[in-house]
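The values are calculated or read from the model by the stated rules, or taken from the named source; none is laboratory data. Everything numeric in this text was worked out from a predicted model, so none of it was measured. Methodologically, a virtual Cβ is constructed for each residue, glycine included, from the backbone with ideal geometry; neighbour enumeration extends over all protein chains shown.
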Amino acid sequence: MKLCEALIADTAELEAAGRLRVLREIVPDSSGFCRYDNRRYLNFSSNDYMGIAADFKLRQEFYAQYSDIGAAELALSSASSRLLTGNTPAYTRLEKKLSVLYNSRAALVFNSGYHANIGILPALSNSKDLILSDKLNHASIIDGMRLADAEFKRFRHLDYEQLEKILAENRAKYSRVFIVTESIFSMDGDAADLCKLVELKQKYDCVLYVDEAHSVGVRGPSGTGIAAELGIADQIDVLIGTFGKAFGSTGAYAITSPELRIYLINHMRPFIFTTGLPPVVLNWSCFVLDSCAKMDSERAKLRRMGIALREIFGASTLPGDSQIVPFLIGDDRDAVAKAKYFLDNGILVFAIRPPTVPPNGARLRFSLSAALPESAITELRRLI
């Protein structure tokens with residue numbers, strides 16, 4: 001079969017199964033709404049958890065700091081990798097700010113969370129090592145394990161008894177063992193038991209890697225995540241945060257030891273061979289870190305809304321208290337139809353289908369934002 005014919009057949013198969021994905025043009029609104037297909041919707045599909053990305057007043061405040069639009073701090077490109085000429089002063093300012101937020105630990109900024117996860121594990125591990133990953137970890141973590149030379153195993157989601165059994169049976173066979181987890185899981189909205197994982201890390205002499213993409217900004221003191229909220233961030237060997245969600249910017253970061261930071265700069269391929277982020281983006285990230293640190297009332301609002309929405313969904317959701325609330329459906333086509341029902345009623349939420357979730361695990365993923373009015377939850381109650 002010729003390539004074009006094969007592609008057409010694949011598209012038809014996806015459409016028949018209710019799994020065909022399309023790109024949509026969506027314009028965000030600062031009030032928790034967005035515009036799509038010439039209509040205004042309550043936006044339940046954004047990762048802009050704190051409402052920062054769509055906050056026009058914050059944007060004006062940021063640009064008002066600069067009297068000269070030609071200032072180097074507002075440059076739209078670094079035009080080089082960080083190891084050449086792309087390591088602008090904005091990187092230094094941002095990494096110093098992150099270091100202060102995380103009790104003087106070392107910080108290293110990346111272009112995205114995906115870059116971090118596909119680069120760090122391959123850089124740190126080798127064929128004598130083992131990586132143990134929660135079954136529901138993000139695709140970027142899975143891709144990072146596949147790129148690494150180390151052997152990897154996936155343990156059942158949040159099943160730490162199985163994890164310990166694997167460690168007890170296998171730890172002595174490997175030079176290093178990495179335990180990898182998200183803190184808040186992106187599709188189920190539940191949370192890892194980080195205290196238990198720290199305990200296992202210490203008992204079996206492992207390296208603990210925690211991706212806090214969906215908890216930084218939303219949880220912890222000044223928005224530093226669940227590990228900091230629990231007082232154990234210093235026990236996490238590699239803590240990953242992202243700017244592209246709650247912080248409303250672009251990029252990601254690792255909080256780690258000075259020794260590991262130097263090692264990554266010299267061995268992490270996506271870091272070495274990538275053009276640096278534009279100074280304007282780095283300076284915006286600095287600005288929103290300060291802004292988000294003051295948003296305790298917004299963080300409390302998100303918790304309230306998440307709890308209320310789980311009460312409404314009842315048995316159709318999963319336990320948790322995060323800002324991610326899945327509405328479980330199962331069948332792919334049914335999920336698409338349910339999303340259309342909400343769309344017809346002014347609610348923007350999309351169907352999440354395999355391979356993002358397991359077979360028969362199709363759902364609507366309600367992603368809450370502090371920019372949403374709390375009355376939006378009442379509106380959802382009416383529609384369920």
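So, in the range 339-350, how many residues would count as being buried (at least 17 other Cβ atoms within 10 Å of the Cβ) and either in a loop (DSSP other than H, G, I, E, B) or touching a strand residue (DSSP E or B) at 6+ places or on another chain (Cβ under 6 Å) (or both)?
So the first thing to find is which residues in the range 339-350 are buried (at least 17 other Cβ atoms within 10 Å of the Cβ), and the list is 339, 342, 347-350.
From the residues that got through so far, the ones that are either in a loop (DSSP other than H, G, I, E, B) or touching a strand residue (DSSP E or B) at 6+ places or on another chain (Cβ under 6 Å) (or both) too are 339, 347-350.
So the count comes out to 5.
Test of understanding: among Leu42, Leu94, Leu108, which residue is assigned to a strand (DSSP E or B), assigned by TED's automatic domain parsing to the domain that holds Ile232 and out of contact with any His (no Cβ under 7 Å at 6 or more places or on another chain)? It would help to see each step written out before you state the result.
Working: Leu42 fails: assigned by TED's automatic domain parsing to the domain that holds Ile232; Leu94 fails: assigned to a strand (DSSP E or B).
Of the residues listed, the single one that is assigned to a strand (DSSP E or B), assigned by TED's automatic domain parsing to the domain that holds Ile232 and out of contact with any His (no Cβ under 7 Å at 6 or more places or on another chain) is Leu108.
Run down Phe350, Phe313 and say which single residue is touching a helix residue (DSSP H, G or I) at 6+ places or on another chain (Cβ under 7 Å) and within 30 Å of Ile141 (Cα to Cα). Don't jump to the end; show me each part of the working.
On the way: Phe313 fails: touching a helix residue (DSSP H, G or I) at 6+ places or on another chain (Cβ under 7 Å).
The unique qualifying residue is Phe350.
Would you confirm, using the coordinates I've provided, whether Arg93 is crowded, with 19+ Cβ neighbours inside 10 Å, modelled with pLDDT of 90 or more, farther than 22 Å from Ile324 by Cα and over 20 Å from the mean Cα position of the chain (by Cα)?
no
Just name the residue that is nearest to Asn345 (Cα to Cα) out of those in the range 33-62 that are buried (at least 22 other Cβ atoms within 10 Å of the Cβ) and of a type outside the set (S, T, N, Q).
Among those residues, the one meeting the criterion is Leu42.
For the subset of the range 251-294 comprising residues that are among the hydroxyl-bearing types (Ser, Thr, Tyr) and in a helix (DSSP H, G or I), which member is surrounded by the fewest Cβ atoms within 10 Å (Cβ to Cβ)?
If we take residues in the range 251-294 being among the hydroxyl-bearing types (Ser, Thr, Tyr) and in a helix (DSSP H, G or I), then Tyr263 is surrounded by the fewest Cβ atoms within 10 Å (Cβ to Cβ).
Looking for whichever is over 30 Å from Tyr49 (Cα atoms), in contact with a Ser or Thr (Cβ under 7 Å, 6 or more places away or on another chain), at pLDDT 95 or above and assigned by TED's automatic domain parsing to the domain that holds Leu230 here; the options are Phe152, Phe178. Which one fits?
On the way: Phe178 fails: over 30 Å from Tyr49 (Cα atoms).
Residue meeting the stated conditions: Phe152.
Does Ile236 satisfy the criteria of being closer than 21 Å to Leu121 by Cβ and either surrounded by fewer than 23 Cβ atoms within 10 Å (Cβ to Cβ) or modelled with pLDDT under 95 (or both)? Steps first, please.
On the way: closer than 21 Å to Leu121 by Cβ: yes; either surrounded by fewer than 23 Cβ atoms within 10 Å (Cβ to Cβ) or modelled with pLDDT under 95 (or both): no.
No; evaluated as a whole, the condition is false for this residue.
If Leu83 passes every condition in (1) at pLDDT 95 or above; (2) farther than 28 Å from Met295 by Cβ; (3) part of a loop (DSSP other than H, G, I, E, B) but one, which one does it miss?
Looking at each condition in turn, Leu83 falls short on (3).
So, in the range 314-335, exactly how many residues are out of contact with any Asp or Glu (no Cβ under 8 Å at 6 or more places or on another chain) and crowded, with 19+ Cβ neighbours inside 10 Å?
From the range 314-335, those out of contact with any Asp or Glu (no Cβ under 8 Å at 6 or more places or on another chain) are 314-317, 321, 323, 325, 327-335; that's our starting set.
From what's left, crowded, with 19+ Cβ neighbours inside 10 Å: 317, 323, 325, 327, 329, 332, 335.
Total satisfying the criteria: 7.
Farther than 23 Å from Gly220 by Cα and buried (at least 20 other Cβ atoms within 10 Å of the Cβ): which single residue out of Phe110, Phe178, Phe152, Phe185 fits that description?
Values: Phe110 fails: farther than 23 Å from Gly220 by Cα; Phe152 fails: buried (at least 20 other Cβ atoms within 10 Å of the Cβ); Phe185 fails: farther than 23 Å from Gly220 by Cα.
Matching residue, one of Phe110, Phe178, Phe152, Phe185: Phe178.
So which residues in the range 359-375 are among the small types (Gly, Ala, Ser) and buried (at least 21 other Cβ atoms within 10 Å of the Cβ), if there are any at all?
Initially, the range 359-375 is screened for residues among the small types (Gly, Ala, Ser), giving 361-362, 367, 369-371, 375.
Those that are among the small types (Gly, Ala, Ser) and buried (at least 21 other Cβ atoms within 10 Å of the Cβ): Ala362, Ser367, Ser369, Ala370, Ala371.
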